[in-house]
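Q: Got a structure here, written out as structure tokens. Questions coming.
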Amino acid sequence: MPLISSTNMLQSAREGRYAVAAFNVHTLEMLQAVTEAAEETQSPLIIQSTVGTVKHLGPDYIAAAATVAANRTGLPIALHLDHCTDFDLIVKCIRAGYTSVMIDASMHPFEENIARTKKVMEVAAAAGVNVEAELGKVGGVEDDIVVEDQDALLADPDECFAFMARTGVHTLAPAIGTAHGIYKGTPNIDFKRIAAIAELVAVPLVLHGGSGIPAEQVKLAVSLGMAKMNIATELRIAFSDAIKQVFAEQPSENDPRTYMVPAKKAVKQLAIEKMQLCGCIGKAAASIQQR
């Protein structure tokens, strides 16, 4: 089947109290690994790319590879542009075949965030593309977006409700205490805030900074309404560590096909673990039901 919008996929997840694992990939092997994990477990899948990866590989190359994955497996797979502040790049990715985009205007005042989000919604509507927006500021580093710990702001539930009412955005990523990258200690997630936002906002919520969150915290966040969990840093580490291990044991190795095999295997195994944690294993069929 072709790539699909993540809108129905995530609505099904929220209603079913599970989350769809969304993986940031940077190479063909990483894309293949998460796809194979989804195929083996019959899970819905969101393949993501950061702005940096789009600029590095090109949106058309990424969309073509993701399309092959969807067609070969017959699984519900969406292709998402993560944390983009550039309207022109969002349009370029939609034209290339992306089925979901994130407009991150969270660094701007509330009214400007609304205006920028509505502008993307207008473009995405014609293509049937899912739009994700952010309220508050998730700490950490995502490509060239850096939010220091002291600058991270949690989303206000009432603002979330007003934002949704005025933009009609399909999915919302509220800042609730998570951070991009690997946590220095135990994440300080505000679960009461998640519950309050979920009570006011009907659309699926997105958990950013999913790398390294303790399993029990992920499960609680999902049970409260988080329908999508982003995983990026842990995948990169697994991929890179596997390659480093090959060179540690075989310093003269120069065939990428040799060291990419264990790297791909490591990513696939981690992806399966994250899918299990999100509770989306076996949910592929449920994700394509029309709502």
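The values are calculated or read from the model by the stated rules, or taken from the named source; none is laboratory data. Since we're looking at a predicted model, the values are computed, not measured. Using ideal geometry, Cβ is built from the backbone for each residue, glycine included, and neighbour counts are taken over all protein chains shown. These accessible areas exclude ligands, DNA and RNA; they are computed on the full protein's heavy atoms, side chains included. Shrake-Rupley method; radii C 1.70, N 1.55, O 1.52, S 1.80 Å.
Q: With the requirement that a residue be part of a helix (DSSP H, G or I), surrounded by fewer than 18 Cβ atoms within 10 Å (Cβ to Cβ) and of a type in the set (D, E, K, R), what does the stretch 220-260 give you?
A: Listed by number, the residues that qualify are Arg236, Asp241, Lys244, Glu249, Arg257.
Q: Determine, yes or no, whether Thr73 is without any contact (Cβ under 8 Å) to a residue 40 or more places away in the chain, closer than 18 Å to Leu28 by Cβ and touching an Asp or Glu at 6+ places or on another chain (Cβ under 7 Å).
A: Yes.
Q: Among the listed residues Ser43, Ser106, identify the single one that is closer than 22 Å to Leu207 by Cβ and modelled with pLDDT of 95 or more.
A: Ser43
Q: Could you say which residue among Lys228, Lys244, Lys265 is basic (Lys, Arg), out of contact with any Cys (no Cβ under 9 Å at 6 or more places or on another chain) and in contact (Cβ under 8 Å) with a residue 12 or more places away in the chain?
A: Lys265
Q: Kindly provide the set of residues from the stretch 49-69 that are surrounded by fewer than 24 Cβ atoms within 10 Å (Cβ to Cβ) and touching a His at 6+ places or on another chain (Cβ under 9 Å), ordered by number.
A: Listed by number, the residues that qualify are Thr50, Val51, Gly52, Thr53, His56, Leu57.
Q: For the stretch 70-124, enumerate the residues that are farther than 14 Å from Thr171 by Cβ, open to solvent by less than 10 Å² (accessible area, probe 1.4 Å) and part of a helix (DSSP H, G or I).
A: Those that are farther than 14 Å from Thr171 by Cβ, open to solvent by less than 10 Å² (accessible area, probe 1.4 Å) and part of a helix (DSSP H, G or I): Ala70, Ile90, Cys93, Asn113, Ile114.
Q: Of the residues that make up the stretch 143-165, is at least one at pLDDT 95 or above and either open to solvent by less than 20 Å² (accessible area, probe 1.4 Å) or more than 21 Å from Ala196 (Cα to Cα) (or both)?
A: yes
Q: Still on this model: Which ones in the stretch 6-28 are buried (at least 21 other Cβ atoms within 10 Å of the Cβ) and in a loop (DSSP other than H, G, I, E, B)?
A: Of everything in the stretch 6-28, those that are buried (at least 21 other Cβ atoms within 10 Å of the Cβ) and in a loop (DSSP other than H, G, I, E, B) turn out to be Ser6, Tyr18, Ala19, Val25.
Q: For Lys192, all conditions in the list (1) crowded, with 16+ Cβ neighbours inside 10 Å; (2) farther than 30 Å from Ala127 by Cβ hold save one; what is the number of the exception?
A: Of the numbered conditions (1) crowded, with 16+ Cβ neighbours inside 10 Å; (2) farther than 30 Å from Ala127 by Cβ, the odd one out for Lys192 is (1).
Q: Would it be correct to say that Lys219 is within 17 Å of Tyr18 (Cα to Cα) and of a type in the set (Lys, Arg)?
A: yes
Q: While we're looking at this one, here's another question. If a residue has to be surrounded by fewer than 20 Cβ atoms within 10 Å (Cβ to Cβ), among the charged types (D, E, K, R) and either assigned to a helix (DSSP H, G or I) or at positive phi (or both) to count, how many in the stretch 261-291 make the cut?
A: 2
Q: Looking only at the stretch 38-58, count every residue that is in contact with a strand residue (DSSP E or B) (Cβ under 8 Å, 6 or more places away or on another chain) and outside any loop (DSSP other than H, G, I, E, B) and tell me the total.
A: Number satisfying all stated conditions: 10.
Q: State all residues of the stretch 9-41 that are under 14 Å from the mean Cα position of the chain (by Cα), of a type outside the set (A, V, I, L, M) and farther than 12 Å from His80 by Cβ; if no residue qualifies, say none.
A: His26
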